[in-house]
Amino acid sequence: MLDNRIISNKHNNPDNDRSKDDLKKRSLDIYEDDTMFDLVGYGKLIYHPEKLVGIKNETKPFPITATVSLGNFCNHGCLWCSTAYFREDDAFAIDGDKLVEWVTKAKQRGLRGVGYVGNGEPLAFKKFKTISKKINDLDIDQGIFTNGYLIDRYEEELLNFAYVRISLDAGTAETHSKLHAVKENHFPKIIKNVEQLIKNKSENFPTVGFQFATHQDNIEELELAVKIARDIGVDYLSVKPVFDRGTVKDKIAKNTLTKDDFDRAVEKLSKYRDETFKIFYRPHQIISESQEQNQLVYSRCYAPYLGVNIYEDGGIVGCGPHHIEVGSLDTPLDELENNIIKASKSFDLIKCPAGCRYHAANYLVNQVIEPNKVKKTKHINML
């Protein structure tokens, strides 16, 4: 998943008193849940043992997945969008032919999946149909994060995807309209689009999920969104906080919800869970965000070995928040791999944003490679 969220000023402040020793000494209560192996890194790495061997030997550094921003234009204006600043000036779109050519070559190096998400709405990209079909023909898994409004336009293509996740963030048209800055008719159309997609999909693919970015302005509609999701056959709903980063503070009030607020809201949802419908809630995200720092038990980040971000200008970065470039779609793949190794060694973990999706994978990789250097405790930031 592309993560272009700007690190808060506190993380960038040179006067910040959070030393590495301080980070190592501080700890949080570990929150146990049953979702550990559903996290980025843990589940996926089980299927890629050669990646662990390659990391240890500093070979095979080519990423398993690439998260792609097809363009920086969007048909919604979510108030908490942390990449809105990318759309303040000119509109940009990726070179589709160059992307397909890169994926074709990258597959030979070990690339297995492409996820469309980023600085805009992927389905608003005019060449989405052409690109997704060509990459599907390469037998590369594809997934997408979308606001859902244009799903009906590309249903045929999306039915070949591994996953489709929709940012719903509301239980009524009124609240959805307010938070996404669109007309109220968008909400029922999105629900209808998703319902039709589910009706036409095969038994297991794609998995279809809702994401609910939770804030004091919409938490009262969380249960209603869960009811809608279950009623139309969605596979899961993921509860996440609205992160106070980027331009968020300019358009919406700071998220004042506490972990207790989330716990109480999610507890009411347990009656909706069953074998066909899951609710994902990772409290460590809220804990980490409230602390404005990570409880890191490792000393090196291997994120670019697992996934890279490709921007609409063709640039490739090994980490969204740090924005460390490792090349472009024109960079020879040997050079790209060397740059990935260098990037992995250069990350300043003090500046990592709370709740980074690669913390779980890093914990696992570091534990396997250098078990004596990893604290004997579960990582608080599993996702």
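Summing +1 for each Lys or Arg and -1 for each Asp or Glu, what net charge is found among the other residues whose Cβ lies under 14 Å from the Cβ of residue 140? Each step should come with its number before you reach the end.
Numbers: positive: 105, 107, 109, 112, 133, 134; negative: 101, 137, 139, 141, 157.
Around residue 140, the surrounding residues sum to +1.
Would you tally the net charge around residue 268, using a Cβ to Cβ cut-off of less than 13 Å, leaving residue 268 out, and scoring K and R as +1, D and E as -1? Write down the numbers at each step before the final one.
Working: positive: 227, 264, 271, 273; negative: 220, 221, 223, 261, 263, 267.
That works out to -2.
Ranked by Cβ crowding within 10 angstrom, fewest neighbours first, how are 275, 156 ordered?
Working: 275 5, 156 11.
Placing the least packed residue first, the sequence is 275, 156.
Taking the Cβ of residue 223 as the center, what net charge do the other residues with Cβ under 10 Å away carry, scoring Lys and Arg +1 and Asp and Glu -1? Could the numbers behind the result be given before it?
Working: positive: 227, 268, 271; negative: 220, 221.
Net charge around residue 223: +1.
Any read-out appearing in this document is the output of simple, stated calculations on the displayed coordinates, not a laboratory observation. Fair warning: this is a prediction, and the values are worked out from it, not measured in the lab. Using ideal geometry, Cβ is built from the backbone for each residue, glycine included, and neighbour counts are taken over all protein chains shown.
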